[in-house]
Amino acid sequence: MQTRKLFGTDGMRGKAGNYPLDPETVFKFGKALGSLLEKMNGAGQPQVVLGEDTRESGHQISRTLAAGIRSTGTPLFYAGTITTPGVAFLTRHHRFTAGIMVSASHNPYYDNGIKVFSNSGLKLSDAQELEIEQSIERDQSANGQHPQEDLLPNPEFLREYVGYLRGLLPADLPLPNKPLVVDCANGSASRVAPLLLREIGIEARILNAAPDGRNINLDCGSLYPASMARETHAASACLGVAFDGDADRAIFATSDGGLTDGDHILYAAAPWYDRLQKLNGHAVVGTLMTNLALEHALARCGIGLKRAAVGDRYVLEEMLRSGYNLGGEPSGHIIFADLSLVGDGIITLLQMLRILGETGATFTEAVSGLQQYPQVICNVPVREKPPLESIPEVARTVEGCRRELGNSGRIVVRYSGTEPLARVMVEAQDASAVELHAARITRAIEAAIGTAAETQAH
């Protein structure tokens, strides 16, 4: 299949105002999507729902996108500021042909993006994304034109989503006797999480829920959870949670301020599902980045782990292919497929509260059995993305490091699907070996195609 140019692993992203998120291309995107949805919907008229996060560029992109879609005769309904999984819920709930989210997830405010879901909750296929790209390339009619539509949000959409979330906790479930700490990342969760927790009756210390268009993900949220963790400890909270800008992922903290990631959530959730005889296939889906310690810990419980490529779309594809109903990534994308086919950070929080309420365990107790192996992730900014195996020095270095580690660790080297980065992940039981091999591979990539690297150790 021809390689896609505009789409990554999570929709189309870029710097707002620049190609492909310039007004003209966004308008063409809307036209191409409207035409594609007409073909997908057959004889019936397609209908779409549109939402956005809190970036200052979001509403303008939404208005331009809406104009392109409506130019094809496709009715569009506007949800305003809402989470990405909220759009996916509305799409499924109202049987819209597609749901569209304007968001760049965990990226800085100056980035933005467009994600599209079908009414089954699935993202567009690679072939459908390629068809949109080809339509944009062929479209000459809109050159120099980028009209905008007036959009007024329907407040019922937010209420419906909050009502659905509220119904996921049984009425008789024991609620935490200590507060929660909730970091909304100045993003979409700011509109959803405080309202939901008030309606449930859970006391919460809400952080970073005052979006101004430019503070989304700014030193807060799931990429910067340290302040949430400190507040969790200081408040003697039941747990802390940090969402990202569109709330499709969540990172947690224990009551003593210790940070946990998506591997810990799978560690807590999979055996609980299995005891309830609800874990399809007695296995979960992780990714190439899932810590080897989780695989070993689940195996001791008789639960398997199947690895997919990095990206929640690939996790979901493997879950659907294998018939599994639980999967996720260390980044905090967790998919409870019986509830939603997209990662939903708020659903992840509610499921953890349900586990704690039904088992009587504290969050610290629920996750403390997973002792992750030392892991280093190096993010190397790159000028271009040639196949890494085609770069002789990089290929030789990676192969040499793998040979030295043997069966005692893992190495994953790949490009980010959404950013100009090469990611180097090394994990092993020996921390010094991890640091050594990560540094060697990082230097090889920097010398060939990159610049300085950012390193995140676990």
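Condition test on SER120, is it in contact (Cβ under 8 Å) with a residue 60 or more places away in the chain, more than 22 Å from GLY343 (Cβ to Cβ) and among the hydroxyl-bearing types (Ser, Thr, Tyr)?
When the stated conditions are applied, SER120 does not pass them.
A quick yes/no check of all residues on (1) touching a strand residue (DSSP E or B) at 6+ places or on another chain (Cβ under 8 Å); (2) over 27 Å from HIS106 (Cα atoms); (3) surrounded by fewer than 24 Cβ atoms within 10 Å (Cβ to Cβ):
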{"position": "LEU21", "(1), (2), (3)": "yes, no, no"}
{"position": "GLU24", "(1), (2), (3)": "no, no, yes"}
{"position": "GLY30", "(1), (2), (3)": "no, no, no"}
{"position": "LEU37", "(1), (2), (3)": "yes, yes, yes"}
{"position": "LEU50", "(1), (2), (3)": "yes, no, no"}
{"position": "SER57", "(1), (2), (3)": "yes, no, yes"}
{"position": "ILE69", "(1), (2), (3)": "yes, no, no"}
{"position": "THR72", "(1), (2), (3)": "no, yes, yes"}
{"position": "ILE82", "(1), (2), (3)": "yes, no, no"}
Quiz prompt | Residue selected from the range 355-374 under the condition among the hydroxyl-bearing types (Ser, Thr, Tyr) and out of contact with any Cys (no Cβ under 9 Å at 6 or more places or on another chain), by the criterion farthest from THR290 (Cα to Cα) | solution = THR359
Exercise. Evaluate the range 112-130: report whether one residue or more is farther than 27 Å from LEU320 by Cα and in a strand (DSSP E or B).
Key: yes
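Please verify whether ALA226 is surrounded by fewer than 17 Cβ atoms within 10 Å (Cβ to Cβ) and small (Gly, Ala, Ser), treating the condition exactly as stated.
On the way: surrounded by fewer than 17 Cβ atoms within 10 Å (Cβ to Cβ): yes; small (Gly, Ala, Ser): yes.
Spelling it out, ALA226 is indeed surrounded by fewer than 17 Cβ atoms within 10 Å (Cβ to Cβ) and small (Gly, Ala, Ser).
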Quiz item: Which of the residues that make up the range 193-229 are in a helix (DSSP H, G or I) and in contact (Cβ under 8 Å) with a residue 60 or more places away in the chain?
Solution: ALA193, LEU196, GLY221, SER222, LEU223
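Out of curiosity, is SER331 touching a residue at least 40 places away in the same chain (Cβ under 8 Å), more than 15 Å from the chain's Cα centre (by Cα) and outside the structural domain of ALA171 (by TED's automatic domain parsing)? Step through it out loud before you land on a result.
Values: touching a residue at least 40 places away in the same chain (Cβ under 8 Å): yes; more than 15 Å from the chain's Cα centre (by Cα): no; outside the structural domain of ALA171 (by TED's automatic domain parsing): yes.
Here the answer is no, as SER331 does not meet what is asked.
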Practice problem: State whether one or more residues within the range 397-414 are without any contact (Cβ under 8 Å) to a residue 12 or more places away in the chain and not in a helix (DSSP H, G or I). | Solution: no
Quiz item: Name the residues in the range 25-59 that are without any contact (Cβ under 8 Å) to a residue 60 or more places away in the chain, aliphatic (A, V, I, L, M) and outside any loop (DSSP other than H, G, I, E, B), would you?
Solution: VAL48
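Within the range 433-446, is even one residue at negative phi, in a helix (DSSP H, G or I) and among the basic types (Lys, Arg)?
Yes, the range 433-446 contains at least one residue that is at negative phi, in a helix (DSSP H, G or I) and among the basic types (Lys, Arg).
Among ALA299, ALA293, which is the only one that is surrounded by fewer than 20 Cβ atoms within 10 Å (Cβ to Cβ), assigned to a helix (DSSP H, G or I), touching a strand residue (DSSP E or B) at 6+ places or on another chain (Cβ under 8 Å) and of a type in the set (Gly, Ala, Ser)?
On the way: ALA293 fails: touching a strand residue (DSSP E or B) at 6+ places or on another chain (Cβ under 8 Å).
So the residue among ALA299, ALA293 that is surrounded by fewer than 20 Cβ atoms within 10 Å (Cβ to Cβ), assigned to a helix (DSSP H, G or I), touching a strand residue (DSSP E or B) at 6+ places or on another chain (Cβ under 8 Å) and of a type in the set (Gly, Ala, Ser) is ALA299.
What are the residues in the range 324-383 that are in a loop (DSSP other than H, G, I, E, B), of a type in the set (Ser, Thr, Tyr) and touching a strand residue (DSSP E or B) at 6+ places or on another chain (Cβ under 6 Å), if any? Working first, answer last.
Step one: filter the range 324-383 for residues in a loop (DSSP other than H, G, I, E, B), giving 324-325, 329-333, 337-344, 360-362, 368-374, 383.
With of a type in the set (Ser, Thr, Tyr) added as a condition, the list becomes 324, 331, 340, 362, 368, 373.
If the condition is that a residue be in a loop (DSSP other than H, G, I, E, B), of a type in the set (Ser, Thr, Tyr) and touching a strand residue (DSSP E or B) at 6+ places or on another chain (Cβ under 6 Å), then TYR324, TYR373 are the ones that fit.
Take the residues in the range 175-213 that are of a type in the set (Lys, Arg) and more than 20 Å from the chain's Cα centre (by Cα), then tell me which one is nearest to GLU358 (Cα to Cα).
So the first thing to find is which residues in the range 175-213 are of a type in the set (Lys, Arg), and the list is 178, 191, 198, 205.
Adding the requirement that they be more than 20 Å from the chain's Cα centre (by Cα) leaves 178, 198, 205.
Values: LYS178: 16, ARG198: 21, ARG205: 23 Å.
Among residues in the range 175-213 that are of a type in the set (Lys, Arg) and more than 20 Å from the chain's Cα centre (by Cα), the one nearest to GLU358 (Cα to Cα) is LYS178.
Matching residues to (1) in contact with a strand residue (DSSP E or B) (Cβ under 7 Å, 6 or more places away or on another chain); (2) in a helix (DSSP H, G or I); (3) surrounded by fewer than 21 Cβ atoms within 10 Å (Cβ to Cβ):
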| residue | (1), (2), (3) |
| --- | --- |
| GLU231 | yes, yes, yes |
| VAL241 | yes, no, no |
| GLY245 | no, no, no |
| GLY257 | no, no, yes |
| ILE265 | yes, yes, no |
| ASP274 | no, yes, yes |
| GLY286 | yes, no, no |
Practice problem: Quick one: which residue in THR74, THR25 is in contact with a Pro (Cβ under 6 Å, 6 or more places away or on another chain) and closer than 23 Å to ALA127 by Cβ? | Solution: THR74
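Does GLY450 satisfy the condition of being farther than 20 Å from TYR373 by Cα and surrounded by fewer than 19 Cβ atoms within 10 Å (Cβ to Cβ)? Show your work before the answer.
On the way: farther than 20 Å from TYR373 by Cα: yes; surrounded by fewer than 19 Cβ atoms within 10 Å (Cβ to Cβ): no.
No; evaluated as a whole, the condition is false for this residue.
Could you grab me the full set of residues in the range 88-103 that are outside any helix (DSSP H, G or I), within 19 Å of ARG13 (Cα to Cα) and of a type in the set (A, V, I, L, M, F, W, C)?
Quick first cut of the range 88-103, residues outside any helix (DSSP H, G or I) only: 94-103.
Going one step further and asking which of them are within 19 Å of ARG13 (Cα to Cα), we end up with 98-103.
Listed by number, the residues that qualify are ALA98, ILE100, MET101, VAL102.
The values are calculated or read from the model by the stated rules, or taken from the named source; none is laboratory data. Remember, predicted model here, so these are calculated numbers, not experimental data. All Cβ positions, glycine included, derive from the backbone under ideal geometry; neighbour counts span all protein chains shown.
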